[in-house]
Amino acid sequence: MGVKEVISRWLLEESYTISNLEGVSVPGVEWGLAVSTQAPPGVKFSVISPSDKRDRVILVLGVVISPEHRRELEKLSVNERVRLLHTILSKALMVCSDCKIAVKPAISDPQAIVINLEVFNDEIEKYGKSYFLRTLYRLINTYLAVVSGFNEWFPVVVSEKQQYYPYM
């Protein structure tokens, strides 16, 4: 059984929703899975195998900055925006120092934050499901660190029905 099949089985066993990204031709991607956690709204991420580095998979997660937060960011000077993003990225990196984190399109004009975490196939084979899931939880916790950083700075209050706890 290949890495894709093993990861798919583990995700399904843990009640994640998955679908193949193979129908979408993305340059540089051998195969990919679109994944989401349970509970609304759910955290969505991808697991991809890069064509040029078949010895690993990359967990890819994007955090789109909400319209409410974007409006507040636009009120800040560029220096204040950069300071705020520094604080939020520092929180994210404390959760996941192995993550590769980028602000798109630029730190002075943030619209999304992309988080990548590489997991090597030999680690998956050697350490198994528990290792992979702990790595996945770290990615999801990084998402929560980014979102909580924005909400700490400018709270967006949601109804009790909309609150989201990914592991409960």
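Return yes when SER8 is surrounded by 14 or more Cβ atoms within 10 Å (Cβ to Cβ), of a type in the set (S, T, N, Q), in contact with an Asp or Glu (Cβ under 6 Å, 6 or more places away or on another chain) and not in a loop (DSSP other than H, G, I, E, B) and no when it is not. Criteria not met by SER8.
Looking across the range 124-159, the residues that are among the basic types (Lys, Arg) and either surrounded by 13 or more Cβ atoms within 10 Å (Cβ to Cβ) or closer than 14 Å to ILE113 by Cβ (or both) come down to LYS129, ARG138. Within the range 94-112, count every residue that is free of Cβ contacts under 8 Å to residues at least 24 places away in the same chain and of a type in the set (Gly, Ala, Ser). Final tally of qualifying residues: 3. Consider SER15 carefully, then state whether it is under 19 Å from TYR131 (Cα atoms), among the hydroxyl-bearing types (Ser, Thr, Tyr) and surrounded by fewer than 18 Cβ atoms within 10 Å (Cβ to Cβ). The answer is yes for SER15.
Does ASN141 meet the test of being more than 19 Å from LEU11 (Cα to Cα) and in a helix (DSSP H, G or I)? Considered against the rule, which asks whether it is more than 19 Å from LEU11 (Cα to Cα) and in a helix (DSSP H, G or I), ASN141 comes out as no.
The residues of the range 41-75 that are out of contact with any strand residue (DSSP E or B) (no Cβ under 8 Å at 6 or more places or on another chain), within 30 Å of LYS126 (Cα to Cα) and surrounded by 12 or more Cβ atoms within 10 Å (Cβ to Cβ) amount to a single one, LYS53. Screening VAL64 with (1) more than 26 Å from LYS4 (Cα to Cα); (2) in contact with a helix residue (DSSP H, G or I) (Cβ under 7 Å, 6 or more places away or on another chain) gives one miss only, at (2).
Contact annotation: residue pairs with Cβ atoms under 8 Å, 6 or more positions apart or on different chains, pairing a residue in the range 76-93 that is free of Cβ contacts under 8 Å to residues at least 24 places away in the same chain and exposed (fewer than 14 other Cβ atoms within 10 Å of the Cβ) with a partner that is of a type in the set (A, V, I, L, M) and assigned to a helix (DSSP H, G or I), are LEU76/LEU84.
All of the numbers you see were taken from the coordinates with simple rules; none came from a lab. Values in this document were obtained by computation on a predicted structure and should not be read as measured data. Note: ideal-geometry Cβ built from the backbone for every residue, glycine included; neighbour counts use all protein chains shown.
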